[in-house]
Amino acid sequence: MPSHFLEGKKIIVSGAGFAGLSFIVALHQNWDPALKLPQITIYEREGRHLPRNRQGYSLSLHGFDENGGLVAARDIGLLDEMMKRAISGNDSTSGFRIWSSSWAQLLAVKFSPYKDLPASGIRIMRNDIRDLCVSAAERLCPITWSTAVTSAERLSNGRMRVHVSPSDKEGKSFTDDCDLLIAADGAHSKIRSSFRPNDGLEYAGAIQMGGVSRFPNGVPEPVTKNWGLAITGEGVGCFFSPVDATGVVWGLGFLEPQRTQKYDPESRQQCEALKEEALRRGHMLQEPFQTIVNATEQHSSFMFPARDKKPFPHTGDDNLKGVVFLGDTNHAVSPFAGNGANMALKDGVDLARQICRSPSMEEALIAYDKLALPRAQRTLKQSHDRINFSHCTGWYYYALRGMLFVGSTIMYLMGRL
C-alpha cells in the first residue's frame, strides 16, 4: 500500500496570498488520489473582499522562463483566466520599455514565451490574480477570513502551535495545532518573528511615491499599453503602467535617507503635498508626466520606503523544523524588484510538488530550497541593481545610455524588438 509522511496529518496555512493559495491548489492537484489528503486549515487576516484602497495595482507576471508566474498559473489551471484579464502583454504590440525624460524610447524588451505559454509576460491587476486564486482554493477547502495568526511555537511532541486572533473585537483568541505550518503571512510575518526574531526588513535606500491616475477619455500615450521606466540622469526615475482602459499607475523613485513619518492616503493635505513634491522632483520629465501626477486619485496615492530582506534556507536549522516560509515571508522585495508575485506563485507550486514527490519532509525541503533560493537571490540582486540605475547620474547615466543603445541594437538583430 502506498503511504506518505503527511497522509492524514494536519497542515495550517497562515496567509491567503499568492504563495499560500498556489500551495493549496497545487497540493490538491499533485496529491496521490489513492492517499488520504492532509486536513488543511487556512487563516487570513484580511477579509474576503478588500476595500478599494487595498486592492492594489497592476503587476507583471512573466513567462519567458521556468520561474515565471505564468508558468505557475498554467500549473494550477488558471492561465486562461489570467490571460483573459490581462491589461497588456497578451499581444505583440505591448511590452516593457525604458524611456528618457523626454519619452525617447531607449529600450524595448520582447522575449519569446517559455515552451507552450501564450505570452512572455503580462500586466494584470493584483486583485484579479487574488480573486482567481481565492476562487480556486475555496473550491477545495474553506478559508477563515479576518483571522490572524499572531505567533507560533513548536511543542515538545514536535507539532506546531499557532496563536490565532479574530479581527472581530468580540471574537476570542485561541490556539490551533498542526503537523506542518506554512508561513505565507507576508513581509511583516508574525511567524517569522517567532522563529527568526532578528530577520526583519532592511531599507534599500530609495523612496517611491505615486498612485493611480484616471482619464475617462483614455490613458495618454505612450503608456496606453506599454509599461516601463523613465530614467532622467538626475537622480530620479519613474515607473508607469496601465491598470485598465482609463487608469495608469505611476511611481516616482529617488534616493534619500529613510523617512520616519508614515504617509496617510486619507489626508487630502498629505496627498496634495505628495503631488507637489513629485512634480518638483520630477520637473525634468516631460508631459504627460505632469498630467498623470495631477490626475492622481487620492485613495490610491502612496509613499513608502523600498525595503527587502535576504532569503534563507529551511534545512540545517533545527529551529525551523515543522514550518516552511513562502513568498514575502521568506524573501520580501521592494517594488523595484518587479518579481514578487512571480516568486510567490512559484514558491507555492514548487513546495507542493516537492512534498508530493518526496519520501520525507526533509528531502522535500532540500529539493524546494534548490529551486526557490537561487531565484530569490537573483531577484534581490536585480532589485538593488535596478535601484542604482533608475536613479543614476553623471557618467554612470551616460554609460547606461550607451549600454541600452547596444542592448536595443542586439535585440533588434535578434528579432526581440
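All of the numbers you see were taken from the coordinates with simple rules; none came from a lab. Keep in mind the model is a prediction, meaning the values are calculated, not measured. Glycine also receives a Cβ, built like all others from the backbone with ideal geometry; neighbour counts cover every protein chain displayed.
Nearest 10 degrees is fine. How inclined is helix 268-281 to the longest principal axis of the chain, computing both from alpha carbons?
60 degrees
May I ask you to list the aspartates and glutamates whose Cα is less than 14 Å away from that of Lys115, ignoring any residue fewer than eight positions away on the same chain?
Leaving aside aspartates and glutamates fewer than 8 places away in the same chain, those within reach of Lys115 are Asp65, Glu66, Asp75.
Give me the angle, in degrees from 0 to 90, between the Cα long axis of helix 126-138 and the longest principal axis of the Cα atoms of the chain, rounded to the nearest 10.
In the chain, helix 126-138 runs at an angle near 20 degrees to the longest axis.
Tell me, rounded to the nearest percent, the portion of alpha carbon pairs in the stretch 331-371 spaced more than 12 Å apart.
Cα-Cα pairs in the stretch 331-371 separated by more than 12 Å: 60 percent.
222 nm [θ] for the chain, helices only, -39500 (n - 2.57) per DSSP H run of 4+, per residue, to 500?
Only helices count here, giving -10500 deg cm²/dmol.
Shape verdict for the stretch 218-307, please, from the Cα gyration tensor: rounded (a/c under 1.5), prolate (a/b greater than b/c) or oblate.
oblate
Working from the pairwise distances between different alpha carbons, so that the mean of 1/r is found and then inverted, what is the stretch 25-81's Kirkwood radius in Å?
It is 14.6 Å.
What GluC sites (Glu not before Pro) in the stretch 104-179 are in a loop by DSSP, with at most 12 other Cβ atoms within 10 Å of the Cβ?
When the GluC sites (Glu not before Pro) of the stretch 104-179 are filtered for loop state and at most 12 Cβ neighbours within 10 Å, Glu170 remain.
Would you order Asp177, Asp131, Asp80, Asp350 from fewest to most other beta-carbon atoms within 10 Å of each residue's own beta-carbon?
Arranged by neighbour count, lowest to highest, Asp177, Asp131, Asp80, Asp350 become Asp80, Asp177, Asp131, Asp350.
Please work out whether the stretch 259-416 counts as rounded, prolate or oblate from its C-alpha gyration tensor, where a ≥ b ≥ c are the square roots of the eigenvalues and a/c under 1.5 means rounded, while otherwise a/b larger than b/c means prolate and anything else oblate?
Oblate, since a/c reaches 1.5 and b/c is not below a/b.
About its Cα centre, what dipole magnitude does the chain give when the only charges are +1 on Lys and Arg Cβ and -1 on Asp and Glu Cβ, stated in debye to the nearest 20?
The calculated dipole for the chain is roughly 240 debye.
Which lysines have a Cα less than 18 Å from the Cα of Lys110, not counting those fewer than 8 places away in the same chain?
Hits, sequence-local ones excluded: Lys225.
By how many degrees, between 0 and 90 and to the nearest 10, does the Cα long axis of helix 18-30 differ from the longest principal axis of the chain?
50 degrees
In whole angstrom, how far apart do the alpha carbon centroids of the stretch 164-211 and the stretch 9-46 sit?
Result: 18 Å between the Cα centres.
Assign one of three labels to the stretch 27-137, namely rounded, prolate or oblate, based on the Cα gyration tensor with a ≥ b ≥ c the square roots of its eigenvalues; rounded applies when a/c is under 1.5, prolate when it is not and a/b is larger than b/c, and oblate otherwise.
In terms of gyration-tensor shape, oblate.
Please compute the alpha carbon radius of gyration of the chain, then divide it by the globular-protein estimate 2.2 N^0.38 Å. Two decimals is fine.
1.01
Kirkwood Rh over Cα pairs of the stretch 81-167 into Stokes-Einstein at 25 °C, 0.890 mPa s: D in µm²/s?
In µm²/s, the coefficient rounds to 141.
Within 10 Å of each residue's Cβ, count the other Cβ atoms and sort Ser267, Ser156, Ser408, Ser300 from fewest upward.
Ser156, Ser267, Ser408, Ser300
Which three extents, in whole angstrom, do the alpha-carbon atoms of the stretch 129-259 cover along their principal axes, largest first?
Result for the stretch 129-259: principal-axis Cα extents of 60, 39, 28 Å.
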